[in-house]
Amino acid sequence: MYRFLGLLFFMVATVAFLPQEIPSDWERVYKQFLIDKTRFHQQVQQLASYVDNGASLDSLQAAFKRSRLAYKRIEWLLEYEQPVLASRVNGPPVVEVEEYEPGQVLKRPTGLQVIEPFLFPAYDPAQKDSLIRELTVLLSYSGRLEQGIPKGRITDTDIFEATRQELFRLLTLGITGYDAPETRTGLPEAAVTLQTLHDTFQLYAGRLPEPLASLVEKCWAEARQTIDQASGFDRFDRVDFIRQQLYPLCRALHQARQSLGIAATTSGRFLAPAAVTLSDSGAFRPDYLINFGDFRSTPQKVALGKVLFFEPLLSGNNARSCASCHQPERAFTDGRVKSRAFRGRKPVLRNAPTLLNAGLQNVQFYDSRVFYLEDQAHDVLANAHEMRTSPEEVVRKLSGSRQYKQLFSDAFPTGLTAPNVRNALACYIRSLTSLNARPDRYLRGEDVALTADERVGFNLFLGKARCATCHFFPIYNGFVPPHFEKTESELIGVPGRRKTRNARIDSDPGKFMTYQKELHRFAFKTPTVRNVALTAPYMHNGVYKNLDQVVDFYNRGGGQGIGIDLTGQTLSAKPLNLTEQEQRALVAFLESLTDTTGLSSRPAHLPLIDGNPALNRRKPGGRY
């Protein structure tokens, strides 16, 4: 008996001292995700319990904020692995419509941002049942988030890429107020995000050589300290934070990844895999937004497209070119309230938007009626009020030029064809990328300066004025970062005439014309505000003559702020309460976004048309 017990003890002791399998880095990450996911679910449960039991407003709001902070600990991995599921937990509170389904098939939002306006700035107990329903939906998602995370597939590359994307999300959606517009908790949430990413990075920190290890740790600490010491949402110096803390952290993590021999992601996305910061030159890939691989840009296509852009033969009367309404000197607009129609007799429905950075969005036209620039070119050529011709007719005309035939042969294996006409024009427009204004260079750390007003205006744009919640940093259009898969349209209530009270909405139905969905009536694609100093007048109908008037419109709360009774306005109707000095500073920043360097030249000569001396006297650009 004693010998048996002794043998048993020996066996147990031996097992205890056998080498145990050490969890992999990913297993540790996954285990922490499960812990954090459970905490988030418990916080939402507590909030639901408070609502059900009639807790005080302070208790409800505090519980909601705790839920948001808990979510920020899992956001980085959930958004990377399962962005659709993440959107059900923390997506924007905007009702959408199935665009290609008959009728008004609505996609209703769910999650934290839907719950937020139930509790802030106040709570109406009459809404209790609706709030409980929303919390029940959220709990159904928060209880099974681990189902979207692959337990054994993620790699070191994935962890670094998820970290990169989360830092970009913190910048573009977090500290700007997009994520929590009512609670304005973007800064404490950013602190949790930074701490979570830092904790994850500790898996790799011990493998780094000095002085790189100390540099990375210093960048983490300074970024977190800056957030912790912020004096408030409106006063936080986002510009200094990006330049001095966030971008240096991004660069240090890039160096760490290289030092560790961890490969960059190879997934083809609009955001370039090699982009270290969002202000890097080449951070975005316009050729990602094409529908055929053969449509990728080449120098030959761009050069040909530029010539075609200024060619009057692309119009039905041989007198009008693309540059007639998109003039390079005006940032490819025409300075008109509404652009002239064919033969210049009447205006078209809207004015000509800038083509600068048109390749950095995935829908085109104010009403989002096409996805690709090739389709935009076809639409304009065929439009009876614009060019009144067709790509096939353009091919017939250009076939009379040996020079054009040669240019097409140099650019395309298939030579002069209608699809190649459209592709050449699109490639030229994609080349019109303007992301090198003085604020961009300043954020990169270059030796340039911003004036005091420009700095104040930049911070207002990213913060108090809430401009960047629709015109997303750094392209400043509606292409939503950091996934860059959707270009937003907004319903802001543009008036038909400039008035500050008792205004009437402009009659243009906007995106409704494209999909015939009532939810889209009066909604328009969010354009870029880069080079906006050159593109007056403003809005689709040119109702505002200068930027001061535009800022005043937003400061009043959009259409609802000037008396327009508008259901479904996506712009907050609350006044921004900007002072006159702040409004001037905001305009100063917008004007600083001007950069047309190397983009505004016109071709000196157009190719000859054989046997037609009259056409050879045409001027690049045309009259109308």
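Throughout, read-outs are computed from the coordinates displayed, never taken from laboratory work. Not measured: the values here are computed from a predicted model. Reconstructed Cβ throughout: ideal geometry from the backbone, glycine too, with neighbour counts over all protein chains shown.
Summary table below
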{"read-out": "Nitroxide proxy distance, nm - points 7 Å out along Cα→Cβ at GLU329 and TYR288", "value": "3.7"}
{"read-out": "Using alpha-carbon coordinates, inclination of helix 402-411 to the longest axis of the chain, degrees", "value": "10"}
{"read-out": "Mean Cα-pair separation over length for the chain, i.e. relative contact order, pairs under 8 Å, 6 or more apart, %", "value": "13"}
{"read-out": "The chain: translational diffusion in µm²/s, Stokes-Einstein, Kirkwood Rh over Cα pairs, 25 °C, 0.890 mPa s", "value": "91"}
{"read-out": "Label-point separation in nm, LYS619 to GLU27, each point 7 Å along Cα→Cβ", "value": "7.6"}
{"read-out": "Förster radius 60 Å - calculated FRET efficiency between THR414 and LYS218 (Cβ-Cβ, nearest 0.05)", "value": "0.60"}
{"read-out": "Chain lengthening between GLN244 and ALA604 when straightened (0.36 nm per residue, less Cα-Cα)", "value": "125.1 nm"}
{"read-out": "Values of log10 I(q)/I(0), in the order q = 0.10, 0.14, 0.15 Å⁻¹, for segment 230-383 under a Debye, Cα-only, solvent-free model", "value": "-0.56, -0.89, -0.95"}
{"read-out": "Label point distance in nm, ALA205-ASP548, each placed 7 Å from Cα along Cα→Cβ", "value": "5.3"}
{"read-out": "Segment 24-154 - percent relative contact order, Cα under 8 Å, separation 6 or more", "value": "32"}
{"read-out": "Gyration tensor (alpha-carbon) shape descriptor, segment 24-154, a/c threshold 1.5", "value": "oblate"}
{"read-out": "Global geometry of segment 418-513, whether rounded, prolate or oblate, following the gyration tensor of its Cα atoms and the 1.5 cut on a/c", "value": "oblate"}
{"read-out": "Helix 299-309 vs. the chain, principal-axis angle (Cα, 0 to 90°, nearest 10)", "value": "50"}
{"read-out": "Environment charge of HIS378, counting only residues whose C-beta is closer than 15 Å and scoring Lys/Arg +1, Asp/Glu -1", "value": "-3"}
{"read-out": "Descending semi-axes in Å of segment 155-267, equivalent ellipsoid built from Cα gyration tensor", "value": "26, 15, 11"}
{"read-out": "Under 14 Å, Cβ to Cβ, from LEU593 - net charge with Lys/Arg +1 and Asp/Glu -1", "value": "-1"}
{"read-out": "Extended-chain gain in nm, criterion 0.36 nm per residue less alpha-carbon gap, SER140 and VAL97", "value": "13.2 nm"}
{"read-out": "Contact order relative to length of segment 155-267, as percent, for alpha carbon pairs under 8 angstrom and 6 or more apart", "value": "35"}
